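K.L.:
To start, I am sharing the structure in question, which I have written as structure tokens.
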Amino acid sequence: MVGASISAYQRNALYLLSAVCMVFMTLAVAVQPVFLRNVLNVSFEQAGAINASVQVVTEILDLFVVGYLGFLSDRLGRVRIVVFGFLVGAAGALAAAFSPWIGGLLGGALVIYYLSRITMSLGAGAAWPQLSALAGDFSDDDNRVGLLSNTAFMMAFGITLVYAILMQIPKQAGITATMLLTAGVAVLGAWVARTCLVDVAPRAVEPGIPWRRIWTMVKAEPRLRLAFTSSLFARSDMVFVGLFVMLWFIYFADVVGVSQEEAAARAGILIGMMGGGVLVSVPLWRLFIERYGRVEAVVLGMTLSAIGFLIFGFVVNPFDWFIILPAVLVSAGQGGCFIAPQIMTIDRSPRDMLGSVMGAFNVIGGLGIIFFIQVGGFLFDKVGPPAPFVFTGLGNILITLYGLKVLKSESRGARPTEVEAVG
């Protein structure tokens, strides 16, 4: 079996890169609001729309590469794409750090920052989907839940590290130093991937992306449909929370009389605590999935997250301690929302087209990020800071209801084997 042929050294490298990739992606998003506010002087009235549009533009362009790179990884291997992605991301991070100076020479610092963030996002869009596919390549029926849970744990660790520790750097060493650190993290990721990872998946021979086969699989398999719809609604959650919580704190800072850097640090602590909650919950979700099942994990995770997002609607001042309650509930649900859909997708994906299926899975998730962040930015500006969270909570309730429908339909017939795979 494939899982038995992978050394502990290679699995540990995958876990490390999962954390490194999350540090790179999260730090780029986390520092964005304070950079736009303090360096590029974006006003409060435009904050939600501009911050959201930066993220949305990058996600739209990602859609054009993620699916194709998934297919390409089935034909050429995943490791070289991971290395390339990290190096492109590093170049974008350097350009972002110096965008005020480059913009001063060429005209339009905000335009330069947009372009640099697009470059960073394209690099990340090349790297992290291939890491998820490699986790599937490295696993088999016996160790899949454990390996995917460990990967999710390290991703949550990377997010927690950013918000709990690294987002204190702007207050201590400045925003530019933080952005340069982002570039350094990407270079580290490229080196570790090039040195430690190995391709083990069989190479595909199809001349084009097998969209028809993927669509046929999704139509025929209720669990794949649930996995894909969960990706649409839930993959945006932590990106969404990181962006809008940070915005909320920074643009509420003047009301409570604290500096922008202090507000960013306070927001970082809260989001870091949420990441820590995900971190702690992952081993519990692993036990839950092994005992009760994938679909049950999606239903429970979505329910907890939905309740948390809706309670955010009752928060007036983000600096009040009450905000911890919804934050804890959202973080508690995230593990189930993230791990179980990926496991269901890998369970039912043929080995020679896993990259293509995961590419489609991630394209759907990208569409969710675009939709929820763009609508959230509008709601943030026009209705108020809690509105994006309430909107997302309602979306999570829809997935809970669909998951219950899948469970009900399965209970009428033969329940599918959890580790059954297609092809």
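Laboratory data are not the source of any read-out in this text; all were calculated from the coordinates shown. Predicted model, so just to flag it, every value in this text is computed and none were measured. No Cβ is skipped: glycine too gets one built from the backbone with ideal geometry, and neighbour counts run over all protein chains shown.
K.L.:
Lysines near Lys219 by alpha-carbon distance under 27 Å, same-chain residues fewer than 8 away left out - which ones?
P.N.:
Lys405, Lys408
K.L.:
Any idea what Rg and Dmax come out to for the chain if you just take the C-alpha atoms, in Å?
P.N.:
That works out to 20.4, 67 Å for Rg and Dmax.
K.L.:
Excluding residues fewer than 8 places away in the same chain, name every one of the lysines whose C-alpha is closer than 29 Å to that of Lys171.
P.N.:
none
K.L.:
Provide the packing ranking of 330-343, 109-122, 278-291, i.e. peptides ordered by the mean count of other C-beta atoms within 10 Å per residue, highest first. Before the final figure, lay out the partial values.
P.N.:
On the way: 330-343: 27.6, 109-122: 20.7, 278-291: 18.6.
Going from most to least packed, we get 330-343, 109-122, 278-291.
K.L.:
Evaluate Rg over Rh across the stretch 267-423, taking Cα atoms for both radii and Kirkwood's formula for Rh. Kindly include the intermediate steps, with their values, before the conclusion.
P.N.:
Working: Rg = 17.1 Å, Rh = 16.9 Å.
Reported Rg/Rh, Kirkwood definition of Rh: 1.01.
K.L.:
How charged is the neighbourhood of Ala253? Take every other residue with its Cβ under 12 Å from the Cβ of Ala253, and add Lys/Arg as +1 and Asp/Glu as -1.
P.N.:
Values: positive: Arg37, Arg266; negative: Asp254, Glu261, Glu262.
With Lys, Arg at +1 and Asp, Glu at -1, the net is -1.
K.L.:
Another one. Just to confirm the number: angle between the C-alpha axis of helix 222-234 and the first principal axis of the chain, 0 to 90 degrees, nearest 10?
P.N.:
On a 0 to 90 degree scale, this one is about 10.
K.L.:
Indicate the gyration tensor shape class of the stretch 82-238 (rounded, prolate or oblate), computed on the Cα atoms with a ≥ b ≥ c the square roots of the eigenvalues: a/c under 1.5 is rounded; otherwise a/b larger than b/c is prolate and the rest oblate.
P.N.:
Values: a/c = 1.99, a/b = 1.73, b/c = 1.15.
It comes out prolate by the Cα gyration axes.
K.L.:
While we're looking at this one, here's another question. Looking at the calculated P(r) for the stretch 144-198, what percent of the C-alpha pair distances fall above 19 Å? Let's see the in-between values first.
P.N.:
On the way: 684 of 1485 pairs.
More than 19 Å apart: 46 percent of the Cα pairs in the stretch 144-198.
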